[in-house]
Amino acid sequence: MIPPKINIKPLILPFILFCYIIILILFDTKGYFVKKIAIPSSIKLNVFYNEIIGKVVSIPEERSEKIEFIFRIEKIGGKTIQKKIKLLAKVDNIMDDIQFNDTLKISGKIIPLPGNKNPGTFNYKKYLSRKEISGMLIINDLNVLNRSIPLWYKIVLFLKTKMIESIKNNLPEYNANLLLKMFIGYRYALEKEIKEIFCDAGVMHTLVVSGLHV
């Protein structure tokens, strides 16, 4: 009895795609796709600077009682930086008057990106490097030097304000505050006691992640 012939042609393309994906994963593991932008040697790390001037190039977000945004340095210590670098800036959420495209004067210090301490876990340093972020900026104080809001951002702020007003006007305060945090990530909505309840229950991510995604 002659065994049936196996048609391997339909399997060729999936096999090629599989090999291609494996090769991409290997190259990614070695860091070939990460664009490394080094901090200029003229900028000293872990040194406090009174005058760091630059621009906010991302929409500020609340992360673990801090506000984070990507900051592009233009001047430091009165000297212009020829090679514009981007840093992940962190500031206490009491300093809430920060918007996209603001020009800020900051006092603080620049630190290196954190390394990956546990092999095989999420590599935060590589994640930031993919966004062309060279280091982190820990802010002590800041001042807004110039505010130039793009038209599209004005539209987003207008819609966000209308959503906040609609929710507050049509729901009881407790329900409104919960929905504001969950729906648009409104950082001032929940009281500290309510946040602690969600944290103790292990479901704080339903508020933070949902609002961030929307």
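Applying the set (1) of a type outside the set (Phe, Trp, Tyr); (2) open to solvent by 90 Å² or more (accessible area, probe 1.4 Å); (3) at positive phi to Leu151 leaves exactly one unmet item: (3).
Of Ile73, Ile52, Ile21, all but one fail to be at pLDDT 80 or above and part of a helix (DSSP H, G or I); the exception is Ile21. When both residues are 6+ apart or on different chains and their Cβ atoms are under 6 Å apart, which pairs have a first residue that lies in region 121-144 and is over 15 Å from Ile111 (Cβ atoms), and a second that is open to solvent by 50 Å² or more (accessible area, probe 1.4 Å) and assigned to a strand (DSSP E or B)? Final answer for the pair search is Glu132/Lys86; Asn143/Lys105.
In region 94-117, the residues that are closer than 17 Å to Ile52 by Cα reach residues that are among the small types (Gly, Ala, Ser) and modelled with pLDDT of 90 or more with C-beta atoms within less than 7 angstrom, at least six apart or across chains, in these pairs: Leu104/Gly54; Ile110/Gly135; Ile111/Gly135; Pro112/Gly135.
The residue list Thr121, Thr103 contains one member that is in contact with a strand residue (DSSP E or B) (Cβ under 9 Å, 6 or more places away or on another chain) and of a type in the set (Ser, Thr, Tyr), which is Thr103. Can you tell me how many residues in region 24-47 are in a loop (DSSP other than H, G, I, E, B) and at pLDDT 80 or above? Qualifying residue count, region 24-47: 9. Selection of region 76-86 for residues being assigned to a loop (DSSP other than H, G, I, E, B) and either in contact with a helix residue (DSSP H, G or I) (Cβ under 8 Å, 6 or more places away or on another chain) or open to solvent by less than 40 Å² (accessible area, probe 1.4 Å) (or both) yields Ile81, Ile85. Take the conditions (1) in contact (Cβ under 8 Å) with a residue 40 or more places away in the chain; (2) open to solvent by 50 Å² or more (accessible area, probe 1.4 Å); (3) touching a strand residue (DSSP E or B) at 6+ places or on another chain (Cβ under 9 Å); Arg72 misses just one of them, which is (1).
Table: residues versus (1) at pLDDT 85 or above; (2) buried (at least 16 other Cβ atoms within 10 Å of the Cβ); (3) of a type outside the set (Val, Ile, Thr); (4) in contact with a helix residue (DSSP H, G or I) (Cβ under 8 Å, 6 or more places away or on another chain).
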{"site": "Ser129", "(1), (2), (3), (4)": "no, yes, yes, no"}
{"site": "Ser134", "(1), (2), (3), (4)": "yes, yes, yes, no"}
{"site": "Ile138", "(1), (2), (3), (4)": "yes, yes, no, no"}
{"site": "Arg147", "(1), (2), (3), (4)": "yes, no, yes, no"}
{"site": "Ala189", "(1), (2), (3), (4)": "no, yes, yes, yes"}
{"site": "Lys192", "(1), (2), (3), (4)": "no, no, yes, no"}
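Residues in region 60-69 that are open to solvent by 30 Å² or more (accessible area, probe 1.4 Å) and either assigned to a strand (DSSP E or B) or within 16 Å of Ile149 (Cα to Cα) (or both): Glu61, Glu62, Arg63, Lys66. Residues in region 159-187 that are in contact with a helix residue (DSSP H, G or I) (Cβ under 7 Å, 6 or more places away or on another chain), open to solvent by 60 Å² or more (accessible area, probe 1.4 Å) and modelled with pLDDT of 85 or more: Met163, Lys168, Leu171. Looking at Ile81, Ile59, just one residue is out of contact with any Ser or Thr (no Cβ under 7 Å at 6 or more places or on another chain) and under 28 Å from Ile184 (Cα atoms), and that residue is Ile59.
The values are calculated or read from the model by the stated rules, or taken from the named source; none is laboratory data. From a predicted model like this one, the values you see are computed outputs, not experimental measurements. Virtual Cβ from ideal backbone geometry, glycine too; neighbours counted across all protein chains shown. Just the protein is used for accessible areas: all its heavy atoms, side chains included, with ligands, DNA and RNA removed. Shrake-Rupley method; radii C 1.70, N 1.55, O 1.52, S 1.80 Å.
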